[in-house]
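This report refers to the structure that appears directly beneath it.
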Amino acid sequence: MIDVSIAEQRLRLVQAGEVVADYPISTAKNGPGERNGSYCTPTGWHRIRAKIGAGLPIYSVFKARRPTGEIYRPELAQQYPQRDWILSRILWLGGLEPGKNRYGEVDSTWRYIYIHGTPDELMNGQPESHGCIRMANADVIALFDAVAVGCRVFIQG
């Protein structure tokens, strides 16, 4: 399972009750919350509903869950300063708790909540995302390779 702590800005991969990996993350600037349009990171039980980007080069750029063919670099960032960069890999989350993070106005899937790579220089230990869980690129690739679709994810405030 994956254990995400918003308070600590940490993501831990847990296997057989043991923490086997521990990564810094960046969650939502607006804090925890489930409502659509809130730009908050949803809490509670989720699962990985899809893994996107297997085999692509590190720093591959995604838009609407599709690779654009671009590779992130500082020059590209200067061209598109307002872009919310989704890089390297995507683990798309689906809520498991009806009324909390599944269905209707609180559905994590249709809020497009992911665990994804972000420009490494933006990983400063602060919550700054629009709701997703951001990771350094090498970290998100390692996590992507270690988990399967269906892996349970618990996000706690």
query: Just one of R134, R102 is farther than 23 Å from E8 by Cβ and basic (K, R); which is it?
result: R102
task: Identify all residues within region 100-145 that are open to solvent by 70 Å² or more (accessible area, probe 1.4 Å) and assigned to a strand (DSSP E or B); write none if there are none.
output: R102
task: Determine, yes or no, whether R134 is in contact (Cβ under 8 Å) with a residue 12 or more places away in the chain and of a type in the set (D, E, K, R).
output: yes
message: So, Y39, is that one modelled with pLDDT of 95 or more, assigned to a loop (DSSP other than H, G, I, E, B) and within 14 Å of the chain's Cα centre (by Cα) or not?
response: yes
- request: Kindly indicate whether Y80 is farther than 25 Å from A7 by Cβ and modelled with pLDDT of 95 or more.
  value: no
field: Pairs where the first residue, in region 57-81, is free of Cβ contacts under 8 Å to residues at least 24 places away in the same chain and under 21 Å from W92 (Cα atoms) and the second is among the aromatic types (F, W, Y) and not in a helix (DSSP H, G or I), C-beta under 6 Å, 6+ apart
entry: I71/Y59
statement: Filtering region 89-99 down to residues that are open to solvent by 10 Å² or more (accessible area, probe 1.4 Å) and among the aliphatic types (A, V, I, L, M) yields L96
- line: Restricted to region 5-36 and to residues being in a strand (DSSP E or B) and in contact with a Leu (Cβ under 6 Å, 6 or more places away or on another chain), the residue surrounded by the most Cβ atoms within 10 Å (Cβ to Cβ) is Y23
- request: Identify all residues within region 147-157 that are open to solvent by 50 Å² or more (accessible area, probe 1.4 Å) and under 13 Å from I48 (Cβ atoms); write none if there are none.
  value: A148, V149, R152, F154
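The values are calculated or read from the model by the stated rules, or taken from the named source; none is laboratory data. These numbers were taken from a predicted model, which means no experiment stands behind them. Using ideal geometry, Cβ is built from the backbone for each residue, glycine included, and neighbour counts are taken over all protein chains shown. The area values use the complete protein model at the heavy-atom level, side chains included, leaving out ligands, DNA and RNA. Shrake-Rupley method; radii C 1.70, N 1.55, O 1.52, S 1.80 Å.
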